[in-house]
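Here the structure comes first, spelled out in structure tokens, and everything after it is commentary.
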Amino acid sequence: MLAAIVLAFTAAVIVRKILQETGQDQTAAFYIGIPAVLAIVVVLSAPWGKVIGTTVKVVTVCLLLSMIVLGEGFICVIFAAPLFYGVAILVAAVVEYVRKQAGGGTLQVSVLPVLLLVMASEGVLPATTFPSDSTVSSTRVFDASSADVARAVGSPLRFHDVEPSGILSWGFPAPMHDRLEGGEVEGSRVGDRRVIEFAGAHHRPALLSTHHWGEQSSELTLEVVEQTATSVRLRAVSDTTPLASWLTWKTIDIDWADRGDGRTAVTWTLNFDRELAPAWYFGPIESMVAERAAGYLLDSLDLQA
């Protein structure tokens with residue numbers, strides 16, 4: 001099995017390098033193509049009858065090596081792993097089945113690569129790429145007046161007081177500070193800019209490859225483009241954070257409504273373009289994580305729920 005691991009990892013590294021150089025490393029060509037290559041290498045090198053088991057072991061080792069040797073992050077590997085396992089096992093099973101059939105069957109042999117090419121072309125070819133626009137929102141009810149909410153929305157978020165929880169604590173870039181550009185004391189007027197600073201990746205031991213995010217902090221800059229008595233809209237101006245490789249922020253809407261009982265409902269809406277493909281896999285994941293992020297941002301307001 002060692003030979004299969006070496007061959008498969010080498011092939012995967014070569015394909016990864018090619019896709020990175022051509023700007024296709026966030027497309028289905030990466031997330032479907034690489035596990036397909038791993039499976040094919042295993043099928044061609046593993047003993048008959050042990051293909052599926054060997055494929056699972058090889059994919060597992062390659063995913064671990066990607067963190068150690070290639071600097072991939074834990075959260076990236078965790079999210080990609082189910083897709084890698086699924087594609088690799090499916091390809092290995094189909095190829096092994098076809099190989100065992102008497103004569104192989106020309107039609108059977110030709111269908112698999114055609115299907116893989118179509119699946120792996122999402123994000124590469126416009127004809128096979130699905131719409132990427134996504135919108136999620138989260139709502140909290142605070143013991144505060146509408147005026148209190150307006151003040152809190154214009155103030156820096158309390159990232160230092162509220163730790164990310166649940167899936168947000170698995171290794172995503174963590175926001176550290178929310179500052180108002182130019183020394184402003186309020187950040188909800190049209191034209192105001194807010195800069196959210198994110199922490200860099202943790203330092204890794206000497207024997208491990210440096211995290212591909214880098215250890216330097218990064219920033220997301222937002223500008224207020226609309227304001228009413230009960231709402232604020234911000235537009236993303238620039239994004240140097242690792243999140244930019246997964247999605248492109250478009251607008252952020254913060255709306256609030258007085259409930260008449262001394263409490264106010266606040267809704268935080270995030271609009272973004274998904275950058276990862278395939279859509280059927282990463283679409284639900286990104287929407288789920290973004291919805292949790294909207295809730296975290298609400299919790300970071302200087303208000304009491």
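Assorted remarks:
- Exactly one residue among Ser137, Ser145, Ser218 is at pLDDT 95 or above and more than 24 Å from Asn271 (Cα to Cα), and that residue is Ser145.
- The range 152-178: number of residues that are crowded, with 16+ Cβ neighbours inside 10 Å, not in a loop (DSSP other than H, G, I, E, B) and not aliphatic (A, V, I, L, M): 3
- Filtered residues of the range 92-119 (kept if of a type outside the set (Ser, Thr, Tyr) and modelled with pLDDT under 70): Ala102, Gly103, Gly104, Gly105, Leu107, Gln108, Val109, Val111
- The range 243-279, subset in contact (Cβ under 8 Å) with a residue 60 or more places away in the chain and assigned to a helix (DSSP H, G or I), residue surrounded by the fewest Cβ atoms within 10 Å (Cβ to Cβ): Ser245
- Of Ala236, Ala265, Ala206, all but one fail to be modelled with pLDDT of 95 or more and over 25 Å from Ile285 (Cα atoms); the exception is Ala265.
- Pairs are defined by a Cβ separation below 6 Å, a sequence spacing of at least 6 or placement on different chains, a first member in the range 192-215 that is polar (S, T, N, Q), and a second member that is modelled with pLDDT of 80 or more and loosely packed, with under 14 Cβ neighbours inside 10 Å; the pairs so defined are Ser209/Val69.
- Some residue of the range 290-305 being more than 21 Å from Asp161 (Cα to Cα) and under 12 Å from the mean Cα position of the chain (by Cα): no
- Applying the criterion of being buried (at least 21 other Cβ atoms within 10 Å of the Cβ) and under 19 Å from Leu117 (Cβ atoms) to the residues of the range 1-32, the residue that is modelled with the lowest pLDDT is Ala12.
- Of the helices (runs of 4 or more DSSP H) lying entirely inside the range 1-109, those containing at least 2 residues that are of a type in the set (Lys, Arg) and closer than 26 Å to His211 by Cβ are 2-21.
The values are calculated or read from the model by the stated rules, or taken from the named source; none is laboratory data. Keep in mind it's a predicted model, so treat the numbers as computed, not measured. All Cβ positions, glycine included, derive from the backbone under ideal geometry; neighbour counts span all protein chains shown.
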